[in-house]
Structures are given as structure tokens and as C-alpha cells.
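One structure, pasted below without further comment.
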Amino acid sequence: MLVFQPVNGDAHGVAGGLTEVRAAVAGQICFSVLGALGVSTGTTPHTLRGPMVNKVMALLLLRAGQVVEVDTFVDELWEERPPRWALSTLRTHVYHLRRQLDEVLEFPAQRLLRTGRSGYLLDIDPEQLDATRFTRLLRESERLLARDRPDEAAAACREGLALWQGRALATVRPGRVLTGHVQYLEELRVRAHQVRVEAEMRRGRHIHLVPELRDLVAAHPFNEWFHHSLIESLRESGRRGEARNAFQALTAMLRDELGLEPADGPSWSVPA
């Protein structure tokens with residue numbers, strides 16, 4: 001393990017979070033990872049310069065409130081081939097990140113991006129990060145759907161999905177650490193679509209779902225749940241011929257690409 005010591009003049013530590021700073025910036029400064037990585041002050045978006053600076057910021061955001069160990073940064077930035085000067089280079093990237101944040105914040109970025117004994121910590125309110133708000137809305141929608149409140153569940157999902165402005169970390173080339181975070185967020189995005197579709201189907205809005213479900217099937221061709229929902233929505237909309245065609249297309253795709261048959265169950269019967 002690499003040995004790390006705080007830089008002189010930077011050892012604020014990670015204990016005793018600066019509550020007054022977090023309260024002052026909450027609602028005024030927002031960070032985004034559901035699309036391009038960036039920071040917004042009020043209605044003004046800002047992007048960060050430098051691929052390594054963006055990677056450092058992405059790790060700090062996706063583990064906000066936690067100390068990100070130096071070894072984790074090194075693994076993300078250089079994987080199996082870290083240079084001998086990895087620690088000093090990492091410090092340089094953090095320095096440049098702070099300087100860029102200083103340009104957009106009304107107080108020294110060092111008060112949020114803090115140095116600890118083993119790494120760095122970004123001390124922000126969780127609600128300042130779009131991924132946190134999205135996850136909260138998804139969990140809320142799942143609870144509402146479990147309580148048979150589909151109208152509210154659909155609304156919560158729509159609000160959460162509206163936070164997405166592209167693929168997660170669209171402007172960052174992720175290494176193996178960030179790749180895991182990106183995959184997790186994208187899986188949650190798929191889950192949010194599923195919850196919203198189920199909620200809308202419970203509301204009887206099958207005909208309105210067909211265009212969206214066609215898009216979801218095209219984007220996720222091996223997701224049988226989306227295929228199933230499209231077939232059901234077409235059938236419930238009185239479009240039985242199209243439902244049959246959709247079923248046959250799924251069957252052919254699974255056989256040709258994966259050598260599989262559609263999952264068993266009454267919902268998968270060929271529409272009459």
C-alpha cells in the first residue's frame with residue numbers, strides 16, 4: 001500500500017464536518033454525474049478541464065462523504081502501471097481540481113475537498129449530487145408501487161429519470177473503478193424505467209406506453225422484461241397482430257443470438 005501524508009497547510013482532517021459550509025451551499029451548488037460530469041452554481045453549469053482531474057472529481061462525487069483512499073485513486077488513474085511519482089502526480093491533480101473549483105465557488109474549495117490521513121474526501125450534502133437524488137426517488141417510487149399507489153410511483157420515477165442527461169459520466173473515460181460505478185448507475189436507470197412502466201400499466205395507460213417501450217426494446221434488446229411489457233401493452237391496446245409480431249421477433253432474436261427460448265409463463269403465450 002502506498003504511504004500517504006497530508007500536505008502542509010491542507011490538513012483540515014475529515015472529522016467534524018463543516019456544517020455551516022454545507023448548509024450555505026446546499027441548494028445553490030449542484031454536482032452532476034448522470035450525463036456530463038460538472039458543477040452548477042445556480043443556473044450556470046461549469047465543466048472541469050483535464051481528463052485526470054475529471055476522474056478524480058468523479059471518484060470523489062460517487063463516494064461523497066467518504067474518504068477515497070489514495071490506492072483507489074491510483075488504481076483508477078493508472079491501473080496496473082502506476083508511475084513511481086504517482087503520489088505527487090495525484091496531489092497535483094487534486095491541486096488543479098481545487099483551483100478550478102475555486103473559480104466557481106464563493107469560498108475556498110479546500111473547505112469541501114479535504115485531505116485526510118489516507119486520502120481525500122468531498123464533504124457535500126448528499127442532495128447536491130444528482131445521482132443521490134435519483135436513487136432516493138427510485139427507492140421512493142418502489143415503496144409507493146408496493147403500496148399500490150401507481151400514480152405517485154410513476155410521478156416519482158419521471159422526476160428521477162428527468163435528472164439523466166445522457167449516459168453516466170458521459171464526459172469521463174472511466175477506468176476499472178469508475179466502470180463499476182457507471183454500471184451500477186445504469187442498472188438503476190433500467191430499474192427506474194421498469195418501475196415507471198409497471199406503474200403506468202397499472203394505471204391502464206398501455207396505449208401511451210407503446211412508443212416508449214419500442215425505444216426501450218431497441219436500447220436493451222436482451223431485456224426480456226421490456227419485450228414482455230411491449231407485447232402486453234400492444235395486446236391490451238387491441239393491436240394483437242403487432243403483439244404477435246413483437247413476440248415472434250423476440251423469439252427469433254433469442255434463438256439466433258443466444259440459443260434460448262423466451263421465459264416460460266402465461267404472459268409469454270403467443271397473442272391469439
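The values are calculated or read from the model by the stated rules, or taken from the named source; none is laboratory data. Quick caveat: nothing in here was measured; it's all calculated off a predicted structure. Every residue, glycine among them, receives a Cβ derived from its backbone with ideal geometry; neighbour counts consider all protein chains shown. Each accessible area value is taken on the protein alone, full model and side chains, heavy atoms only, with ligands, DNA and RNA left out. Shrake-Rupley method; radii C 1.70, N 1.55, O 1.52, S 1.80 Å.
Taking springs between alpha-carbon atoms closer than 10 angstrom, which of T92, T44, T135 fluctuates most in the Gaussian network model of the chain?
Result: T44 has the largest fluctuation of those listed.
Amide H of G116 versus every other amide H placed in the peptide plane: which residues, excluding those fewer than 5 positions away on the same chain, fall under 5 Å?
L121
Which longest uninterrupted range of the chain lacks any GluC sites (Glu not before Pro) assigned by DSSP to a loop state (not H, G, I, E or B) and surrounded by at most 15 other Cβ atoms within 10 Å?
The segment 107-272 is the longest one with no such site.
Please go through region 157-211 and write out the trypsin sites (Lys or Arg not before Pro) that DSSP classes as loop and that have at most 10 other C-beta atoms within 10 Å.
Here no loop site has a sparse enough neighbourhood.
Using DSSP to define loop residues, name the trypsin sites (Lys or Arg not before Pro) in region 54-85 whose beta-carbon has at most 16 other beta-carbon atoms within 10 Å.
Filter output for region 54-85: R84.
Using θ = phi - 60° and the Karplus form 6.51 cos²θ - 1.76 cosθ + 1.60, what ³J(HN,Hα) does each residue of region 116-130 get, whole Hz, x for Gly and Pro?
Couplings: x, 5, 10, x, 10, 9, 9, 9, 10, 5, x, 6, 6, 9, 4 Hz.
Between the DSSP loop rule and a limit of at most 16 other Cβ atoms within 10 Å, which trypsin sites (Lys or Arg not before Pro) in region 105-141 are left? Walk me through the numbers before you get to the answer.
On the way: sites: R111, R114, R117, R133, R136, R139; in loops: R117.
Counting only loop positions with at most 16 other Cβ atoms within 10 Å, the trypsin sites (Lys or Arg not before Pro) in region 105-141 are R117.
Let me ask another. Considering only protein heavy atoms, with the full assembly of protein chains and a 1.4 angstrom probe, order T251, T43 by accessible area, largest first.
Greatest to least solvent exposure: T43, T251.
Just the number please: accessible area per residue for region 49-107, 1.4 Å probe, all protein chains included, in Å².
50
For helix 150-161, report the angle its Cα long axis makes with the longest principal axis of the Cα atoms of the chain; keep it between 0 and 90° and round to the nearest 10°.
Roughly 50 degrees, rounded to the nearest 10.
Here's a follow-up. What percentage of the solvent-accessible surface of region 100-191, computed with a 1.4 Å probe over protein heavy atoms, is contributed by carbon and sulfur atoms?
That fraction is 48 percent.
Here's a follow-up. In degrees from 0 to 90, rounded to the nearest 10, what is the angle of the helix 224-236 Cα long axis to the longest principal axis of the chain?
40
Quick query: amide H of G38 versus all other amide H atoms, modeled in the peptide plane; which residues come in under 5 Å with a sequence gap of 5 or more or a different chain?
Answer set, sorted by chain and number: S32.
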